[in-house]
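Take a look at the structure below.
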Amino acid sequence: MSGAKRTKSFSARFSADVVAMLGARSERLGESKARVAERLIEEGLRIEAFPGIVFRSGPTGRRAGIAGGPDVWEIVRDLKGVAGEREKDPVEAVASVTGLDRTIVKLAASYYAAYPDDIDERIWMNEQAAERLRHVLDSHPPTPAAQSAA
């Protein structure tokens, strides 16, 4: 759900209650009703196409996750890691290490196949955050007092 997209308008009628809920959500988020409606419709279509996928808000925006489980990007990152190690069955390898059911790992892989740019962007964002943290930790070594407390 990232990047600029070409838009096209259409007309729709919603119940007064739905329009009121949309207006309230729009005000709370500080986004236009059109943007909130588009996001909710897009997420709903993805949820219907991939049962078990949910969307979560966070400091870096909304992201796809597994209902009751990790974010999709986390599973895909692990799949890419074991695939790079030439695992015979990457799905089984990730399932056994993470404790996730194979069907969950396959769901994440299927979602990734449909929306690779979204998931790759999340993986990249996480790698950048980890690199910034490493830089901060490397430039601020622990003090003697902190080392003795450990």
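Bear in mind these aren't lab numbers, they're just calculated from the coordinates by the rules spelled out. Bear in mind the structure is a predicted one, so any value in this text is a computation, not a measurement. Neighbour counts run over all protein chains shown; Cβ positions are idealised from the backbone, glycine included.
Please give the length that would be gained between VAL19 and GLU87 if that part of the chain were fully extended, namely 0.36 nm times their separation in residues minus their C-alpha to C-alpha distance (nm, one decimal). If you can, show how the numbers build up before the last one.
Details: separation 68, 0.36 × 68 = 24.48 nm, distance 5.04 nm.
Answer, rounded to one decimal: 19.4 nm.
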- Placing +1 on each Lys and Arg Cβ and -1 on each Asp and Glu Cβ in the chain, then taking the dipole about the Cα centre, the residue among VAL82, SER110, SER9 whose Cα reaches farthest towards the positive end is SER9
- Relative contact order (%) - criterion: Cα under 8 Å, at least six apart; region: the range 52-137: 23 percent
- Both in Å, the radius of gyration and Dmax of the C-alpha trace of the range 52-137 are 13.2, 38
- Query: Given Cα pairs under 8 Å that are at least 6 residues apart, what percent is the relative contact order of the chain?
  - Reply: 15 percent
- Query: What net charge is computed for the residues neighbouring PRO116, neighbours being all others with C-beta under 12 Å from the C-beta of PRO116, Lys and Arg scored +1, Asp and Glu -1?
  - Reply: -2
- Efficiency of FRET from Cβ geometry, LEU45 and SER96, R₀ 22 Å, rounded to 0.05: 0.10
- Task: Just report the Cα centroid separation between the range 11-66 and the range 75-150, whole Å.
- Result: 27 Å
- Task: Starting from the Cα of LYS5, draw a straight line to each of the lysines and keep only those under 24 Å, dropping any in the same chain fewer than 8 residues away.
- Result: LYS33
- Assigning unit charges at the beta carbon (Lys, Arg +1; Asp, Glu -1) and nothing else, what dipole magnitude in debye, to the nearest 20, does the range 80-138 show about its Cα centre? 140 debye
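So how do TRP124, TRP73 line up by other beta-carbon neighbours within 10 Å, fewest first?
TRP124, TRP73
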